[in-house]
Amino acid sequence: MKLVFAGTPEVAVPALDALIASERHQVAAVVTRPDAPAGRGRRLVASPVAERAEEAGIEVLKPARPRDEDFLARLREIAPDCCPVVAYGALLPKTALDVPARGWVNLHFSLLPAWRGAAPVQHAVMAGDEVTGASTFLIEEGLDSGPVYGVLTEEVRTTDTSGDLLTRLAFAGAGLLAATMDGIEDGTLHAVPQPAEGVTLAPKITVEDAQVQWSAPALRVDRVVRGCTPAPGAWTLFRGERLKLVQAVPVLDRTDLAPGELSAGKNNVYVGTGSHAVELLWVQPQGKKPMRAADWARGVRIAHGELLGL
């Protein structure tokens, strides 16, 4: 099939690579979000998908909005058979959905209908799911509600951050998306409607969602820290300033600290929660680079009974 691939961040690159490498399909063009400011200089930078496509000599389309007529006209000129999508980052209007004969097929990082939305992996980690996965489905106008072509499963490890899990799913999902294109092309794969029950939503995680509540159990604190790493980053307040929590682990045998209460030794920093303590391993003070929590504690000289949080 002639394909137009839509995607933007680094997590979409493995799928693009898999389709470029396919001997059965031609990636005629790539659709991605416009260049965005990045770094201290805030200079405009192309998306990872755009950079990879340009390296491969593939035409790159960067519409401000996918409903723009210039973009739609070019899409009609290319006349793709199918448009595979991975984390494109914009809603596709019906005028775009109607162009490819076999539709737009999205690789979504959850076992649909669970975790429909922008942040399925973060929500899976924060909810304590033991198993998640990826699904390929035919895009409709609803939110991740289209019929499913294929799925794969992936264990959620107890130490996984959302970044760790998303990286594994990106590579495994690349194979799933390529296989889905093969099955659509040869007619052996047919989409199955999603069940009406079991729907959960995964909206974007906000900075406010990433604030640690020390009155919660240690298990919940652990899940929030892992689920919000690397973005937007779990955080708390220390002496009125934000302190990012990069890595923390529950400590089952320590229950003597009140929620938010700090206890710092020579090589360890503990914080009380609503159940047992957690040990802070890595933190990032405001305006600084990540550092070992013990080094941070020595520098700030934590007072007896001092608290994190409000």
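The values are calculated or read from the model by the stated rules, or taken from the named source; none is laboratory data. Fair warning: this is a prediction, and the values are worked out from it, not measured in the lab. Cβ placement follows ideal geometry from the backbone for every residue including glycine, while neighbour counts extend to all protein chains displayed. Keep in mind that these areas ignore ligands, DNA and RNA; they rest on the heavy atoms of the full protein, side chains included. Shrake-Rupley method; radii C 1.70, N 1.55, O 1.52, S 1.80 Å.
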Which ones in the stretch 195-224 are assigned to a loop (DSSP other than H, G, I, E, B), over 19 Å from residue 119 (Cβ atoms) and open to solvent by less than 50 Å² (accessible area, probe 1.4 Å)? 214, 216
Looking only at residues that are closer than 23 Å to residue 91 by Cβ and in contact with an Asp or Glu (Cβ under 9 Å, 6 or more places away or on another chain) in the stretch 5-43, which one is surrounded by the most Cβ atoms within 10 Å (Cβ to Cβ)? 30
Tell me the residue from 61, 75, 112 that is under 30 Å from residue 199 (Cβ atoms) and either open to solvent by less than 10 Å² (accessible area, probe 1.4 Å) or touching a Phe, Trp or Tyr at 6+ places or on another chain (Cβ under 7 Å) (or both), please. 112
The stretch 230-245: number of residues that are under 17 Å from residue 204 (Cβ atoms) and open to solvent by less than 10 Å² (accessible area, probe 1.4 Å): 2
In the stretch 141-188, what residues are in a loop (DSSP other than H, G, I, E, B) and crowded, with 17+ Cβ neighbours inside 10 Å? 144, 146, 156, 160, 161
Given the criteria within 22 Å of the chain's Cα centre (by Cα), crowded, with 23+ Cβ neighbours inside 10 Å and farther than 23 Å from residue 303 by Cα, does residue 227 qualify? yes
Note on the stretch 205-224: residues under 18 Å from residue 129 (Cβ atoms) and either of a type in the set (Asp, Glu) or within 18 Å of the chain's Cα centre (by Cα) (or both) are 205, 209, 222, 223, 224
Could you please give the count of residues in the stretch 44-58 that are loosely packed, with under 15 Cβ neighbours inside 10 Å and more than 23 Å from the chain's Cα centre (by Cα)? 4
I need the full set of residues from the stretch 44-80 which are touching an Asp or Glu at 6+ places or on another chain (Cβ under 8 Å) and part of a loop (DSSP other than H, G, I, E, B), in order please. 46, 47, 62, 63
For the stretch 267-293 the number of residues that are open to solvent by less than 50 Å² (accessible area, probe 1.4 Å) and among the basic types (Lys, Arg) is 0
Residue selected from the stretch 251-266 under the condition within 31 Å of the chain's Cα centre (by Cα) and either at pLDDT 95 or above or of a type in the set (D, E, K, R) (or both), by the criterion most open to solvent (accessible area, probe 1.4 Å): 259
